[in-house]
Each structure stands twice: as C-alpha cells, then as structure tokens.
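Structure record follows, encoded as structure tokens.
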Amino acid sequence: MKRWTLLVLLLALSATAASASDVEERNKALAKRVFEEVLASGNWELGAQVYAPDFVNHGMTRDASLKEDTDASKGYKQAFPDLKMDVQMVMAEGDLVSVLWVAKGTNTGTGNGLPATGKPVQMRGITIWRIVNGQLKEEWSAFDQLSVMQQLGLLPAPGSRAVETGSAGLYALVGTQARPPFSPYGRI
C-alpha cells in the first residue's frame, strides 16, 4: 500500500511540474509574440486581446494604465515607423517572464514628444511581465533613454562642449523641443 501511495504522489508531482513548465513555455511564447507582432508591427488589435484590462506598467516614478502604456507604444511606433524589435533572451519562472530585447529604428515621425530627426537609433532594454491566464497583467521595463536622446541629437553626447558648459549649454543645444528627463508618460 505504501508503494502505491508513493507512486501516486510521485506521478502527481511530476504532472504538476510538467504543467508549470507548459505554462512557462506558453508565457514565453506570448512575450515573444507581443514584441514581434504588437510592439514592432503595431498590431494593436492583438494587443487588446493579450493585455489584461487592469494591466499596470510599474514605471520608475509612477504606474501607467493600459491606455497610457498603449498610447506610449503607439507614440514610439509613430516616431520610429520602421521599428524592429529583436528578442535576444527570454526567461520564465512561475507567472513572470523576462525579456532582453534590442530595438532599432529611424526617427522619421513624431511621437511621445520627439521631433522627427531622421536619425537611426538602437537601444537595448529589459522587460519583465507578469502573465495571468494568458494575459499581460503587470510590467516592469528599463531602457537607456539618455542614449536614445543622444543618438537623436536631442542631448549632447559625453565629452561634448555642452556637457562641459553645464545646463545653460545643454538647454541651448536641446532647445524647447525636448527637455530631460524624457518619459513617454509625460514630462517628469
């Protein structure tokens, strides 16, 4: 009898582990799909299906709602119509999925307060999503906004004269179009 109990317990644990692994694999596939089809390609209809209605993006200074996050994503796609996103690494544990990504595009449009500069940009970032029942519920993301602004020529590069002369030189170079720090959710 003890053998049967042990065997049933082992089978149950094995099935649970396999089930958790299946969920993690589905979550990883969803994360890749969101980067490729929603964020890079602008398939906002798919986005409406895979983001939970009560989705929250936990920003550095404040949380953003689903509408604010979607508007920011659309703004980036407007500013960089040829945006390409390369998913370099995806890891999952439980309901969390981490994605290391690289974005490339040319700033030929306006969006999120960015003027069209015609300059190419490349940036790398990390996004962590909590996925519940096949929908994105929460997000934590980070990418180098300073580098983006420097690549666009909206902020001086390290070692430039404007950096040496302080904020007066910085704002003379930047002008009134964009003032640091920049956030797609509004000025900080």
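The values are calculated or read from the model by the stated rules, or taken from the named source; none is laboratory data. Just so it is clear, the model here is predicted, and its values are computed rather than measured. Glycine gets a Cβ as well: all are built from the backbone with ideal geometry, and neighbour counts include every protein chain shown.
Points worth noting:
- Scanning region 47-64 for residues that are modelled with pLDDT of 95 or more and surrounded by 14 or more Cβ atoms within 10 Å (Cβ to Cβ) turns up 50, 51, 52, 55, 56, 57, 64.
- Check on residue 72, under 20 Å from residue 36 (Cα atoms) and aliphatic (A, V, I, L, M): yes
- Residue satisfying condition, being closer than 24 Å to residue 48 by Cβ, among the hydroxyl-bearing types (Ser, Thr, Tyr) and out of contact with any Leu (no Cβ under 9 Å at 6 or more places or on another chain), within set 73, 141: 141
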